[in-house]
1. Which one of the conditions (1) modelled with pLDDT under 85; (2) assigned to a loop (DSSP other than H, G, I, E, B); (3) open to solvent by 10 Å² or more (accessible area, probe 1.4 Å) does residue 576 fail to meet, given that it meets all the rest?
2. Go over the candidates 454, 416 one by one and state the one that is in a strand (DSSP E or B) and closer than 22 Å to residue 557 by Cα.
3. Do you know which of the residues in the range 520-533 that are closer than 17 Å to residue 452 by Cα and touching a residue at least 12 places away in the same chain (Cβ under 8 Å) is farthest from the chain's Cα centre (by Cα)?
4. Would you check if residue 460 is at pLDDT 90 or above, open to solvent by less than 30 Å² (accessible area, probe 1.4 Å), among the small types (Gly, Ala, Ser) and part of a loop (DSSP other than H, G, I, E, B)?
5. Looking at 146, 102, which one is surrounded by 23 or more Cβ atoms within 10 Å (Cβ to Cβ) and either under 27 Å from residue 390 (Cα atoms) or modelled with pLDDT under 85 (or both)?
6. Quick one: residue 594 ticks every box in (1) buried (at least 24 other Cβ atoms within 10 Å of the Cβ); (2) under 24 Å from residue 422 (Cα atoms); (3) touching a Lys or Arg at 6+ places or on another chain (Cβ under 9 Å) except a single one, so which number is it?
7. Check whether at least one residue in the range 544-551 is open to solvent by 10 Å² or more (accessible area, probe 1.4 Å), assigned to a strand (DSSP E or B) and β-branched (Val, Ile, Thr), and report yes or no.
8. Name, by its number, the condition in (1) open to solvent by 70 Å² or more (accessible area, probe 1.4 Å); (2) part of a strand (DSSP E or B); (3) not basic (Lys, Arg) that does not hold for residue 375.
Amino acid sequence: MESDSKSEIVKGNNLLAGGGLSLALILQRQEKEGLNELPSSKPKKIYSFFFEVLKEPMVYLLLGCGIVYFFLGDHQEAIMLLAFLFLIIGITIIQETKAGRALEALRELSSPRALVLRNGKKIRIAGREVVREEIIFLSEGDRVPADSTLISGTNIAIDESLLTGESVPVAKKIEEKIFASTTVIRGQGIAVVDDIGSNTQIGKIGSSIQQIEIISTRLEQQTNKLVKRLAWLAFFLCALVVIVYSVTHHNWIEGSLIGLSLGMAILPNELPAVLTIFFAMGAWRLSKRSVLTRKISAVENLGSITVLCVDKTGTLTLNQMAIQKIYSQKKLIDLSDSNVLSLPEEFHETLEFGILASRKDPFDPMELAFTSAGLKFLKGSEHLHHDWNLEKEYPLSPELLSITHAWKPNSGGGFVIGAKGAPEAIIDLCHMNEIQTNITKQKAEEMASLGLRVLGVAKSRIETSQLPSKQHDFEFSFLGLIGITDPIRAGIQESISECHSAGIRVIMLTGDHPLTASSIAKKIGLQNPTQVITGTQMESLSDVELVELTKNMSVFSRVMPSQKLRLVDSLKKAGEIVAMTGDGVNDAPALKSAHIGIAMGGRGTDVARESSAIVLLDDDFSSIVEAIRTGRRVYTNIKNALIYLFAIHIPIAGMSVLPVLLGLPLVLLPAHIALLHLIIEPASSIAFEVEPASSDSMTKKPRSPSEPLFNNEIWHSSLLRGTTLFAALASVYFIALGRNHGEEDARTLVFSTLILSNTFLIFLSRGSNISLKSKFKNKPNNVVMWLTVASIVMLGFALYLPALRAVLRFSFLHPIDVLICTLVSIASTFFSELLLVGLKKMQPAL
């Protein structure tokens, strides 16, 4: 085993020196050995959607009607109903397949990532693309993508609880194995991949981690309850109608047929599909805007956010850090000045020890700024130490905001120590006197007021063979201050202003000096930018005091990841709906506690991604604003679709029951209701889903999460529109019968009016909260246009193709009759709209 490990080390180092695997070899490995995927559930096939559709009540109602017609000897009607049945199944399968593909695409995007060496370059890829003998780079918070052998590393500890059940992290040394799906808790290292996919330890025990959580949202739960209640209501009414008709007409078969027809008319079986498709497509649309939805319920909650807590670095700024100013030996230099071509000697040591306090092979943008400045100004000097070994790292802590690295020089004994951190922390480490402290703080505040991130730098050296346990045991000497700039992202001011207009308070969290935080807050337009609270001040407050303070604060500085959880909990206690961004291992508790956790996809750790509901693939604040807009759009469109669904089912159900109760000829037979469902299905799930967000969607207050989806607005709008249309259809029906037009004439007029009214109803239901004038100004989306054309063509075929007209039991409709039907449709739908406008104006006074 030891010889195997050593051979892996040799092989890994050779690959590392050679720049990693070539693209040709990678493609060859993937073709031969497959992708690095664990056994998991495969994407659904079309036939699985077919079997799911067979669970829908509408399928059995149609099938039951077809069987009854078959026993009645009306084979044409039975065949037509079966044809409609397959058409409805086909439409449903297309919709479900589209939603399923959208979710599958999100699973692909949410795959853990890996930083690898290929063709001499470090690149970040999806973990599923890793192959054997790949060189992978691991840092704190990364999830190990495959079983590997560690060939280089510093202070590495791995959480193997997923495999072993043990919660204590395991320290790893060079030559030791690390396993897929375990997490790097501490340190950084380089490893060479041994096994992938099913050949890994976790693959052998058959574990599978699903990255997209498809759970029932609150709206889906409300809808399922409503559908169950409506199903019982439909069952009761159908049974009543069957009994009444059968007893009065002495025909149980026809009574059963009428009961099944009424069931088809009452049940809004489209409801579950509407929510599934809207949420899935909403998540898919977000992914196109670089926002990955890991929990579908997040799409529902986005519209309720009242507070948005964001990290300054990389979200509000570009995360492209550069050292701009260095203060040392009472002198200040501006490296952004084009006239500065070299760094004077008095600044060399400050930059040198700033680099020594950074990681040797950094990935963090701030440490990359030190490396970049070192290569530019110290290259070829004795101040760069690529060949030194890092012996120990003293990490940042809430008690001491500084990092210290102890290095072993190649020549001489002892250790060389470099420290960098918040100026006050470095002042503390160096035990400065009052005069030195005041001078250093004043200079740090001057640099911070310019919006720079200010770090102090110190050095030390010890000749002992053992290192102390804490930073304060070193005797540090102060070297200077370094000011780092990070440009603000373009469009941030506009995005924050948009959040404020939408009733969302933006809170900035940063580890910077309070003056730096205040300067940035002013530039980007945060509320109360001069009021800043630090992490230290947070610690001194009680929970009650912090809850009260957070009601008006928008800027928090010197905040540690561990303090974010307390901030989130305080905001929640204050009644806020909180979205929180994070990228590190320590951010995971806050991300989980927030109503919506938002992980950074570019720089975020796998642990942060897996604790979040949403991942920003581009780490851009404007993407969060776009996600909120999309969430509001999805909710509004769902509401509009439901208003339409309930409204259109009222006249269908009414015209199915009315003739039975009055002993008059039947109007809507099963074939007619099935024909209507061919329009209602795509209208409710596609036409409303593609409707763009209204222009005022980001000027309204956030929706209360306790607000029920089926509120008074939906019921009032649906009932008013539906009953108005039902009254119009009933009037057409009674007038036709009263003028002795006959059963088929009455049916034809009612059905034609219903089809035409449906197209107007779709048009008017697209924006429940916008004025009638605006609805005419806003051009209908393409799906609405195509549905309108399809409805008219379908009605034309039903009325003027003799064979189809005979099967549907229609009569020939003259042009004057078509005109009357059209005018009645327009009058009824627009009259209901005017009534709604009047009702809304009356509500504030009621």
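1. (1)
2. On the way: 416 fails: closer than 22 Å to residue 557 by Cα.
Exactly one of 454, 416 is in a strand (DSSP E or B) and closer than 22 Å to residue 557 by Cα, namely 454.
3. Quick first cut of the range 520-533, residues closer than 17 Å to residue 452 by Cα only: 520-524, 529-530, 532.
Among the residues that remain, those that are also touching a residue at least 12 places away in the same chain (Cβ under 8 Å) are: 520-521, 523-524, 529-530, 532.
Details: 520: 27, 521: 26, 523: 28, 524: 25, 529: 29, 530: 32, 532: 30 Å.
Looking at the filtered set, the residue picked out is 530.
4. Details: at pLDDT 90 or above: yes; open to solvent by less than 30 Å² (accessible area, probe 1.4 Å): yes; among the small types (Gly, Ala, Ser): yes; part of a loop (DSSP other than H, G, I, E, B): no.
No, not satisfied.
5. Values: 102 fails: surrounded by 23 or more Cβ atoms within 10 Å (Cβ to Cβ).
It is 146.
6. (2)
7. Within the range 544-551, the subset open to solvent by 10 Å² or more (accessible area, probe 1.4 Å) is 544-545, 547-549, 551.
Next cut, assigned to a strand (DSSP E or B) only: none.
The answer is no, given that none of the residues of the range 544-551 is open to solvent by 10 Å² or more (accessible area, probe 1.4 Å), assigned to a strand (DSSP E or B) and β-branched (Val, Ile, Thr).
8. Condition not satisfied by residue 375: (2).
The values are calculated or read from the model by the stated rules, or taken from the named source; none is laboratory data. Treat the numbers as computed from the prediction; the structure is a model and nothing was measured. Positions of Cβ are backbone-derived with ideal geometry, glycine not excepted, and every protein chain shown enters the neighbour counts. Just so you know, the surface numbers come from the protein's heavy atoms only, side chains and all, with ligands and any DNA or RNA stripped out. Shrake-Rupley method; radii C 1.70, N 1.55, O 1.52, S 1.80 Å.
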